[in-house]
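The values are calculated or read from the model by the stated rules, or taken from the named source; none is laboratory data. Here the structure is a predicted model, which means the values were calculated and not measured. Accessible surface areas use protein heavy atoms only, side chains included; no ligands, DNA or RNA. Shrake-Rupley method; radii C 1.70, N 1.55, O 1.52, S 1.80 Å.
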Amino acid sequence: PFYVMMLPGLVLVFLFSYLPLPGILIAFKNYSSADGIFGSPWMDPLFKNFEFFFTSDSAWQVTFNTIFYNIIQAVSVTVIAVVLAILLNEVSNKFISATYKGILLLPTFLSWVVIQYIVFGLLNVDNGIINRLIVSFGGQEVYWYSEPSYWRFIMPFAYLWKNVGYYSVFYVAAIAGISTEYFEAAQLDGATKWQQIKHITLPLLKPTIIILSLLWVGK
């Protein structure tokens with residue numbers, strides 16, 4: 001029965017993760033849609049497409065942006081997800097706690113297409129909400145989509161908003177698995193909330209943080 005339950009997931013993994021793998025060959029071929037992936041001739045030399053990219057003027061900028069955004073996103077999501085998980089754990093009312101978790105988790109289920117429309121609604125030069133607020137206070141419209149420097153903050157923020165709730169759920173579950181005896185003993189010794197977080201919660205969360213970080217790098 002367990003293998004039957006796994007079957008739909010395995011089919012999806014095969015369709016979306018394994019079936020597209022031959023597409024990697026396109027990077028090494030002089031691809032033609034008429035000949036297909038396997039019928040198209042190999043590049044001569046084999047790494048000609050990569051040579052074209054790495055000798056272009058934008059190679060360094062593209063490579064830097066890729067590494068920069070991934071590091072910023074990984075660090076910011078991890079730190080804020082841990083903070084949110086600790087704060088959620090301190091909410092004693094189960095209904096309020098579940099409401100907060102639902103609000104944080106909601107953006108995870110939105111596609112990037114929807115996220116893009118939300119960002120556009122906020123940052124559009126003519127009718128964007130943020131520009132309208134700026135103009136109403138006597139300022140000038142900001143051309144968000146024309147200035148690359150703004151996107152050093154906009155892109156990580158959009159990624160953070162969409163994914164932080166998803167990762168905070170893992171940390172909430174990890175905190176819930178910590179024995180309450182540790183905290184009770186710390187309270188008897190007069191430890192403050194911050195001391196309990198620093199000396200109990202964070203050290204015991206370390207394995208979960210490492211595992212999720214490794215999964216992120218592998219991704």
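Here are some notes:
- Mean separation of Cα contacts under 8 Å (6+ apart) over length of segment 55-188, as relative contact order %: 37
- 0 to 90° range, to nearest 10: angle between helix 151-176 axis and the chain longest Cα axis: 50
- Cut-off under 5 Å, modelled amide H: who pairs with residue 29 long-range: 43
- When the surface is traced with a 1.4 Å probe over the full set of protein chains, residue 101 keeps roughly 80 Å² accessible.
- Computed from the Kirkwood radius of its Cα pairs, the Stokes-Einstein diffusion coefficient for segment 129-219 at 25 °C and 0.890 mPa s stands at 144 µm²/s.
- The long axis of helix 94-105 is offset from the longest Cα principal axis of the chain by roughly 20 degrees.
- Taken over the chain, lysine pairs spaced eight or more positions apart, or on distinct chains, with alpha carbons under 29 Å apart number 18.
- Prolate/oblate/rounded call for the chain, Cα gyration tensor, a/c under 1.5 rounded: oblate
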